[in-house]
1. Near B:K210, which lysines are there with a Cα under 30 Å away, not counting those fewer than 8 places off in the same chain?
2. Please compute the Cα-Cα pair-distance distribution of chain B with 20 Å bins starting at 0, giving whole percents from short to long.
3. Taking each residue of A:154-166 in turn, how many C-beta atoms of other protein chains fall within 10 Å of its C-beta, and what is the average?
4. Could you please tell me the mean projected area of the C-alpha convex hull for the protein assembly as shown, averaged over all directions and given in square nanometres to one decimal?
5. First check a/c for the stretch B:44-165, with a ≥ b ≥ c the square roots of the eigenvalues of its C-alpha gyration tensor; if it is under 1.5, answer rounded, and if not, answer prolate when a/b is larger than b/c or oblate otherwise.
6. What GluC sites (Glu not before Pro) does the stretch A:30-138 have in DSSP loop regions with at most 12 other beta carbons within 10 Å?
7. Run through the stretch B:239-336 and list the GluC sites (Glu not before Pro) located in a DSSP loop whose Cβ has at most 13 other Cβ atoms within 10 Å.
8. Report the net charge of residues surrounding A:L336, where surrounding means a beta-carbon distance below 10 angstrom and charges are Lys +1, Arg +1, Asp -1, Glu -1.
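Every number here is computed from the coordinates shown, using simple stated rules; none is lab data. Computed from a prediction, not measured in an experiment: that's the story for all the values here. All Cβ positions, even for glycine, are placed from backbone atoms using ideal geometry, and neighbour counts span all protein chains on display.
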Amino acid sequence: MKEQLEKIRQLAEKELAECGAADVLENLRVKYLGKKGELTAILKQMGGLSAEERPIIGQLANEVRKTIEDGISERADALKSELAAKKLKEETIDVTLPGKTQTVGKLHPLTVTLNDIKEIFLGMGFEVVEGPEVETDHYCFEALNMPKHHPARDTQDTFYINDNVVLRTQTSSVQIRTMEKKKPPIRIISPGRVYRSDAVDATHSPIFHQIEGLVIDKGITMADLNGTLELLMKRLYGEDCKIRLRPHHFPYTEPSAEVDMMCFNCHGEGCPMCKNEGYIEILGAGMVHPKVLEGCGIDPEVYSGFAFGIGLERITMGRYEINDLRLLYENDMRFLGQF
Amino acid sequence: MDLSMRWLNDYIDVSDMPIKEFCSGLTLSGSKVERRETEGSEISKVVVGKLLSVVPHENSDHLVVCQVDVGHAGNGEPIQIVTGASNVNAGDIVPVAMDGSTLPNGVKIKKGKLRGVESNGMLCSLGELGLTTHDFPYAIADGIFIMQEEAGCPPFELGQDIREAIGLNDTCVEFEITSNRPDCMSVIGLARETHATFDRPYTVKTPTFKGIEGDINSMLKVTIHNQKLCPRYIAGVVKNVKIAPSPRWLRERLRASGVRPINNFVDITNYVMLEYGHPMHAFDIRYISGSEINIRNAKNGETITTLDGTERTLSENMLVIADAEKPVAVAGVMGGEYSGIMDDTVDVVFESACFDGASVRTTAKALGMRTDASARFEKGLDPQNAYPALMRAFELVEMLGCGEVVKTIIDADYSDKTPKGVEFNAEWINNFLGTDIPEADMIKYLEKLDFKVENGKAYAPSVRIDIECKADIAEEVARLYGYNNIPKTIIRGVAEAQLSEKQKFERKVSTAMVSMGAYEITTYSFISPKYFDKIRLPADSPLRNTVVITNPLGEDTSVMRTSVLPSMCEVLARNFNSRNPEVCLFEIGSEYIPNGGELPDEPVRLSVGMYGGKKDFYDIKGMIDTMLDLVGVEDVEYTACTDTAVFAEASTFHPGRCAVISKNGKNFGIVGELHPEVLENYGIGTKAYAAKINLTELMEEATAVKVFKPLPKFPAATRDLAIVCDEALPVAELRKAIKKAVGNILESVTLFDVYKGKQIAEGKKSVAYSISMRSHDGTLTDEQADAAVKRVLKELDKLGAELRA
């Protein structure tokens, strides 16, 4: 009987090792361990054994059963892994085939830039204020210290609706509307369309966008203006950005400045990109003229403030290296798709 | 303002300063350099030569062969040059472009053979050197420049660089002078700025002249009739003038300043204008009728033929210089042709006057002639500068030996001479600038600019017409201290800000559009009135009432748009023409709607446009639906529309494929397929779809806050119904009926099929809905659901719709 058990064990081990499929393995289980299986058949003969032999054979039989059971379970695990591996292998795809892209649109590059600028100023506590594009001469010029026949009006070729109504040449008009309505402290930016009768070419458009900024409070200094502009340019162009201020003239600010950014290409040495100047003019700014404050009912002896105006097209063209302003208004899909 | 550096050096010596340093220094102190240029920089290897012999070319009847002595440039040997010019003779001194030389406009000269005879360079004309006969009046325009020695100039040396020989080597610096600084439109003004910037000494000498005896009052009478428009008029007389070209040094300076030399008297007035910044005028005294000068307003309809030969009709708000009978000049703008300086002029009147800026500006504009003089006067000039300017002119007359200056002058002076002191308060300035500049330094800066500081006041020199208030003084201090030396600080005080509801709403709309694949466009807000025809607006459409630009660039941009649709159509057309196969675009932009008041309304619109791919009406409608859902607008209705009274742009769309969008009875948008005629008008060769949504009005309907509904606890009951109804019945009616009939247990009703065809009777359609019902109080029973369906069928019956058999 002992020999029989050993023989069963050997045969089972051999057959298990050769077993390559789940159904074969099930047949083996039935063959050895099933109710009519070989091991069961032997155990049934246990009754005929002597009292001495019974525990020994019993133990051996249990060992053999355990071995076979373990063998089956081991084999089952192995078969499962093989199967899984085989399946994974079969499911292999070419991951270099193109992905299925989602259809989304894009914002116009002017909007992308404007949104960035708005975020910068919102973070500095500037509200975004809008005003009419068809504007009275008063808000566009008179209240900005540019009475009729002021020579500075020449620098802003104006579209007229009638003697008193114009298409605004600058968003500075919103400064006045804001100061008339709101008491200081005031911190606003005012983005929007402005109009000048310039014929269309690569750098001119009769419609373009400006972002006007205005801060009015007690104790606002020109140093605050310098600091604010530097922060703006660094946030917009990165920490390496260097600016310089140059005295200039705007009728509505005093002192007035133009702000240049050091040319990224030549770092101030002068190159064709910056027309050999080393710097690129980027915006105009200054301390709000006392006459302008007075005109809006703000006492210049108590309050001071600064204002600045940024050309959105210039900033946008600079950051994307767009060389022709007309592209911005042609709206060709091949252009719009690039941003 | 073009500045001759040679001229500037008369007043302040900066000849040793690198030009780059000069330009950057002045730019940063407020006089922005636009450009700088060295005369003759394109010319190289052109030298002074002397023609030793000129003999005819053996193979040509129009060429000559010259032996030219070019001194050391030819290593002591004469060189041979063949030329076609006919004005050359042995002994002539000429400019010689050597082999390998360069000339203006990129011309390069190489030796070669002309009809078999070797030529080692070229003899140059004035034009080839970039000059004209205005620069060298003794030379001819077409022919070789035969050089002549001129008084006061060093003699020519053979082999000498031509630029040095003829003084074509000045450096010109072009400044952008802002309108508040007419004082800087002068050599002396820029010398003052140079002095203040670099702290080098500068000297302005008082002009002197000897003069001859004579009483000007016996020659001339001056009356100012409008002292407001002419605060000062000084007249002087020069007798026995000799009209001739100016000497070379004067011509050189004018040329470097961008002014064409004419003759000594014209040149003197221009010279003084450039040097002192004060325009002058010269008359021929013979043509001043009655020997009187009246500064008066013109009479309406009075005419004058100005120096440019044009007859101008004047009006009474224009100021003129008139003799006893007629205007002889438009004050501060241009002189009359008749009284100008001619070759036979004997006695000359010099005018040095001051006119009101606004008046000159308006006059020059009305007459359409801006001149160098008017450009200066209109900015407002200093009446006190008129006197030294005239003295300088006299000095030049004597220096040039071209006339006898009558010592006495007429000075009609009504100008205000009280010095304008402006508050000077160092502490205020520091507080204003955010600086800590010592008072002594501030005073030093101001004094360098010729200000006087006394008793808490700063007195600007009278030429500084721009100094009016203490902020102006702060600017003077700041610019000499250096704008870039002012600290950079952060604004004190806490402030928080956020976008307005309107701005947030617009941003939501554009985010929604972008997320659905639409690309944003930016278009002009002015259009042509003809575009209203292109989009088929009826002749009486209210949208044809526009804000009109009186001085447009062209008809295409002459009215402010009252509809955003033409702009969208144009962009669709442009993309179609560029062969972009498929586009989906949107714009958020304004319309400009006259409202009877001074300024129009500027409501904000969303326009959407698309073509290509497999797009149809339902794509654009679905896009609008999704956008409305994303921005919180629910329960909108779409109604078929062909009536422009319902929505003004209805006629732009296909009459069978257009819907107005409304909520609570208010129409806020239109969507549809563009009318075939519109497509044709724009040259769009495919079906295209567009929509316009009135965002300003829509925003009122949007629910900003969404309220959470608990997740359902009980299962839903669904019933699918196929309904047969008239083909023409809009499905929106069926939907309404279903909603009404099911009542509050309705969760959703979804259309999943529309069928027309064999199984359905002619003129009918089958519409399939899936109705989902749910109660929050318990599981719906079959009986409840079936009862709801019964109610639906009853309701549908009223529409003539029934369950499909």
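1. B:K221, B:K239, B:K242, B:K407, B:K417
2. Distribution as computed: 12, 25, 25, 21, 12, 5, 0 percent.
3. What the average comes to for A:154-166 is 4.
4. 80.6 nm²
5. Rounded shape, in that the Cα axes give a/c under 1.5.
6. Passing both the DSSP loop test and the Cβ count: A:E52, A:E91.
7. Sparse-neighbourhood loop GluC sites (Glu not before Pro): B:E316, B:E325.
8. Summing Lys/Arg as +1 and Asp/Glu as -1 gives -1.
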